[in-house]
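Student: Below is a structure I'd like to ask you about.
The values are calculated or read from the model by the stated rules, or taken from the named source; none is laboratory data. Bear in mind the structure is a predicted one, so any value in this text is a computation, not a measurement. Glycine also receives a Cβ, built like all others from the backbone with ideal geometry; neighbour counts cover every protein chain displayed.
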Amino acid sequence: MNITRDDILNLLVLSPKRFKHTLGTEKAALELARLHHPDLDVEKVAFSALLHDMTKEYSVEQHIAAAEKFGVSFSDVDILSPKLLHSKTASLISRFELKLPDDVCDAILYHTTGRIAMTPLEEVLYFADYIEENRVDDECVSLRESYKSFLNQFDPRVALDKSLVLSFDRTIGNLMKKSHIIDKNTVEARNYYLKKTFIK
């Protein structure tokens, strides 16, 4: 890749809180990769984590403008789920401006929703974003503890699958409480990983 970690850090324009979360996600992603997917390219893990929230603090109008720059239009459903827009625009910028590999851009694209049969890189980024140490809300703390408990009870693959299911359940539950739209990728991912835990 024709870009360095320092290059990425220099292009990020984030609030101190968001930047701290970004570094925490990088740390967690590298730790998850070492345990669950040791064959992953650590540079890809780090870069996807550093870029996953690069547009998180954009306004809806900024997201629309960024997407249109690459010939992409958001649907009405997209606009009704504004918290998902940053994954799309960050992926577009990573793909077309930074010229990063498809697997890195896809990990960024699906880090908020997950999807069926995520790649190892997608799994690592999705889960790291949820459990990184700087997230101190009750649900994130509880999920970190559940993940540690699963690691003590099951082999790492099963522990990760069970943790992913729990994360999807909590995301879906929160969205239902707020009467928000639930992305179909999240529902499909939840069912896919739940079936995997039944097979083990």
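Student: Hey, any hits in the range 93-102 for a residue that's more than 22 Å from GLU188 (Cβ to Cβ) and either among the acidic types (Asp, Glu) or within 11 Å of the chain's Cα centre (by Cα) (or both)? Break it down stepwise before answering.
Tutor: Of all residues in the range 93-102, those more than 22 Å from GLU188 (Cβ to Cβ) come to 93-101.
Right, trim to either among the acidic types (Asp, Glu) or within 11 Å of the chain's Cα centre (by Cα) (or both) and you get 97.
Checked the range 93-102: at least one residue is more than 22 Å from GLU188 (Cβ to Cβ) and either among the acidic types (Asp, Glu) or within 11 Å of the chain's Cα centre (by Cα) (or both).
Student: A further question on this structure: Does PHE198 satisfy the criteria of being farther than 21 Å from VAL45 by Cα and touching a Lys or Arg at 6+ places or on another chain (Cβ under 7 Å)? Spell out the reasoning first.
Tutor: Values: farther than 21 Å from VAL45 by Cα: yes; touching a Lys or Arg at 6+ places or on another chain (Cβ under 7 Å): no.
Here the answer is no, as PHE198 does not meet what is asked.
Student: Moving on to the next point. Would you pick out the residues in the range 127-157 that are in contact with a Ser or Thr (Cβ under 7 Å, 6 or more places away or on another chain) and either among the aliphatic types (A, V, I, L, M) or at pLDDT below 95 (or both)? Give the derivation first.
Tutor: Pass one, the range 127-157, residues in contact with a Ser or Thr (Cβ under 7 Å, 6 or more places away or on another chain): 127-130, 132, 143, 146-147, 150.
Within the range 127-157, ALA128, LEU143 qualify.
Student: Moving on. Mind checking which pairs have a first residue in the range 1-18 that is within 23 Å of ASP102 (Cβ to Cβ) and surrounded by 10 or more Cβ atoms within 10 Å (Cβ to Cβ) and a second that is modelled with pLDDT of 95 or more and among the hydroxyl-bearing types (Ser, Thr, Tyr), Cβ under 8 Å, 6 or more apart or different chains?
Tutor: As it stands, the answer is LEU12/THR22, since those pairs meet every condition given.
Student: Could you check the range 136-164 and list, in sequence order, the residues that are more than 17 Å from ARG34 (Cα to Cα), in a helix (DSSP H, G or I) and β-branched (Val, Ile, Thr)?
Tutor: Hit for the range 136-164 is VAL141, nothing else.
Student: Take the range 37-72 and flag every residue that is crowded, with 17+ Cβ neighbours inside 10 Å, not in a loop (DSSP other than H, G, I, E, B) and not polar (S, T, N, Q).
Tutor: The answer is LYS44, VAL45, ALA46, PHE47, ALA49, LEU50, LEU51, HIS63, ILE64, ALA66, ALA67.
Student: Residue check, LEU32 against (1) closer than 21 Å to GLU97 by Cβ; (2) in contact with a Phe, Trp or Tyr (Cβ under 8 Å, 6 or more places away or on another chain), all met but one. Which one?
Tutor: Here LEU32 clears every test but (1).
Student: Within the bounds of the range 100-112, is there any residue that is closer than 16 Å to VAL13 by Cα and surrounded by fewer than 15 Cβ atoms within 10 Å (Cβ to Cβ)? Quick ask: steps written out before the conclusion?
Tutor: Narrowing the range 100-112 to residues closer than 16 Å to VAL13 by Cα: none.
Scanning the range 100-112, I find no residue that is closer than 16 Å to VAL13 by Cα and surrounded by fewer than 15 Cβ atoms within 10 Å (Cβ to Cβ), so the answer is no.
Student: Taking the criterion of being under 15 Å from the mean Cα position of the chain (by Cα) and of a type in the set (Gly, Ala, Ser), would at least one residue in the range 74-84 satisfy it?
Tutor: Going residue by residue through the range 74-84, those that are under 15 Å from the mean Cα position of the chain (by Cα) are 83-84.
If we keep only those that are of a type in the set (Gly, Ala, Ser) as well, we get none.
There is no residue in the range 74-84 that is under 15 Å from the mean Cα position of the chain (by Cα) and of a type in the set (Gly, Ala, Ser).
Student: Can you name the condition, by its number, that VAL104 falls short on among (1) farther than 26 Å from MET1 by Cα; (2) in contact (Cβ under 8 Å) with a residue 60 or more places away in the chain?
Tutor: Tallying (1) farther than 26 Å from MET1 by Cα; (2) in contact (Cβ under 8 Å) with a residue 60 or more places away in the chain, VAL104 fails exactly one: (1).
Student: Within the range 77-99, restricting attention to residues that are touching a helix residue (DSSP H, G or I) at 6+ places or on another chain (Cβ under 7 Å) and among the hydroxyl-bearing types (Ser, Thr, Tyr), which residue is surrounded by the fewest Cβ atoms within 10 Å (Cβ to Cβ)?
Tutor: SER87
Student: Still on this structure, please answer the following. For the range 103-134: of the residues being over 25 Å from SER149 (Cβ atoms) and small (Gly, Ala, Ser), which is farthest from the chain's Cα centre (by Cα)?
Tutor: Per the criteria, the residue is ALA117.
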